[in-house]
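The values are calculated or read from the model by the stated rules, or taken from the named source; none is laboratory data. Keep in mind the model is a prediction, meaning the values are calculated, not measured. A quick note on method: Cβ atoms are made from the backbone with ideal geometry, for glycine too, and the neighbour counts reach across all protein chains shown.
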Amino acid sequence: MGADDFVGTSVVRPGHEIDEGRLTQWCAQNVDGFQGPLTVTQFRGGQSNPTYKLTTPDALYVLRRKPTGKLLKGAHAIEREAQVMRALCGQFPVPRVYAFSPDEQVIGTPFYIMSYVEGRIFWDARLPHLDAPSRPAYFDAMNETLARLHGIDYAELGLSGFGRPENYVMRQIERWSKQYQADADAGRDPNMDRLIEWLPNHVPPEQQARIVHGDFRIDNLVFHPTEPHVCAVLDWELATLGDPLVDFAYHAMMYRMAPTPIAGLRGEDLNALNIPSESEYVARYCRRTGRKGIPDLDFYMAFNLFRIAAIFHGIKGRMLRGTAVSTRAGSLAAAVASMAQLAWHQANRATVKP
């Protein structure tokens with residue numbers, strides 16, 4: 001299955017159906033300017049929260065909802081997505097949130113409606129659909145967008161209560177350790193168990209808290225249709241207040257992951273692709289954020305790879321329970337062991353300092 005299999009929309013998949021009549025009535029009452037009739041299709045991409053394209057004669061919208069079935073505590077926090085995007089709108093490239101519904105009676109789970117942003121989403125960090133001279137500008141646009149997010153004063157946007165800034169990394173380790181351990185259906189992995197012991201004992205000094213996206217990857221960005229410009233950042237489910245270096249390292253993790261199952265660059269000839277090296281990319285972010293460097297980058301990589309392995313582990317559990325959202329669930333579930341092994345490799349790199 002290639003990247004093109006995750007682009008665009010398809011008919012709504014079994015188990016994710018929506019009562020279009022009831023949704024149309026709700027939108028007419030709660031979304032400014034909404035006029036039916038309404039057609040609903042489902043985006044092929046996305047892993048956690050089912051996402052739909054809503055088509056009307058005059059406008060396009062996007063609906064994000066919690067999945068049905070058994071959910072782990074704290075997961076699928078779409079109300080937080082809506083909150084942070086509303087706060088950032090006008091200050092940072094995000095879709096406009098029109099309305100949020102906590103009422104499960106409308107379509108079966110809470111949901112929100114946001115604007116549809118026209119543009120391109122790249123599912124492959126190698127950017128094979130672009131010519132080599134164009135690629136550096138797209139990497140620079142990603143770098144600049146994340147640095148800009150980390151420069152925002154969250155208190156000025158009314159987000160002081162959006163998270164607990166103190167002890168962010170330790171609380172994140174505890175959160176993902178608990179989520180991994182709570183999903184008994186997906187089994188256990190020895191490297192994950194090693195990391196649960198190792199990570200709390202190697203936490204670097206805490207950085208000043210910023211808004212962190214939590215899942216800043218190339219495939220969560222909508223680029224301008226023809227220019228190297230980020231028009232919208234999507235999928236804010238994991239956003240909170242915390243250490244921006246965790247957020248940046250998660251994004252830069254693409255340099256240490258293979259191109260599959262998610263967008264990575266490990267093993268690629270970056271010079272031939274005309275893509276900046278990891279060290280160049282890190283230096284560019286540091287210049288933009290006023291840092292001299294990131295000496296604990298290997299720790300942040302180990303933690304983030306542990307976290308993404310825990311996310312894949314959760315997808316595996318949902319797949320086994322029959323509630324997985326995406327057609328990609330099988331390939332991601334199968335990658336738990338390899339991602340955990342890669343995370344443990346980063347931990348060993350962090351332990352051996354030159």
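Here the condition is being in contact with a Gly (Cβ under 9 Å, 6 or more places away or on another chain), in a loop (DSSP other than H, G, I, E, B), small (Gly, Ala, Ser) and within 24 Å of Val212 (Cβ to Cβ); of Ala125, Ala87, it holds for Ala125 alone. The sole residue among Ala125, Ala147 that is assigned by TED's automatic domain parsing to the domain that holds Arg256 and in contact (Cβ under 8 Å) with a residue 24 or more places away in the chain is Ala147. Candidates are the residues of region 203-212 that are of a type in the set (A, V, I, L, M) and surrounded by fewer than 20 Cβ atoms within 10 Å (Cβ to Cβ); the one that is farthest from Leu238 (Cα to Cα) is Val203. Is it the case, given these coordinates, that Thr109 is hydroxyl-bearing (Ser, Thr, Tyr), surrounded by 15 or more Cβ atoms within 10 Å (Cβ to Cβ) and modelled with pLDDT under 95? Yes; evaluated as a whole, the condition is true for this residue. Kindly list, by first and then second residue, each pair from a residue in region 198-210 that is assigned by TED's automatic domain parsing to the domain that holds Glu166 to a residue that is part of a strand (DSSP E or B), limited to pairs with Cβ atoms under 6 Å and residues at least 6 apart or on different chains. Correct list of pairs: Ala209/Leu241; Ala209/Gly242. Quick one: Thr9 ticks every box in (1) surrounded by fewer than 20 Cβ atoms within 10 Å (Cβ to Cβ); (2) at pLDDT 75 or above; (3) over 24 Å from Lys316 (Cβ atoms) except a single one, so which number is it? The number of the failed condition is (2).
If you go through region 184-212 and keep only what is of a type in the set (D, E, K, R), modelled with pLDDT of 95 or more and outside any helix (DSSP H, G or I), you end up with just Arg210.
Listed here are the residues, each with its yes/no results for (1) closer than 21 Å to Met142 by Cβ; (2) aliphatic (A, V, I, L, M).
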position: Leu270; (1), (2): yes, yes
position: Glu280; (1), (2): yes, no
position: Leu297; (1), (2): yes, yes
position: Ile308; (1), (2): yes, yes
position: His313; (1), (2): no, no
position: Ala347; (1), (2): no, yes
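Looking at Arg217, Arg266, just one residue is closer than 17 Å to Ala141 by Cβ and of a type in the set (D, E, K, R), and that residue is Arg217. Within region 213-231, restricting attention to residues that are in contact (Cβ under 8 Å) with a residue 40 or more places away in the chain and assigned to a loop (DSSP other than H, G, I, E, B), the residue that is surrounded by the fewest Cβ atoms within 10 Å (Cβ to Cβ) is Pro225.
Among the conditions (1) over 22 Å from Val169 (Cβ atoms); (2) acidic (Asp, Glu); (3) in contact with a Lys or Arg (Cβ under 8 Å, 6 or more places away or on another chain), the only one that Glu280 does not satisfy is (3).
All conditions in (1) more than 20 Å from Ala343 (Cα to Cα); (2) at pLDDT below 95; (3) out of contact with any Gly (no Cβ under 7 Å at 6 or more places or on another chain) hold for Gln181, with the sole exception of (1).
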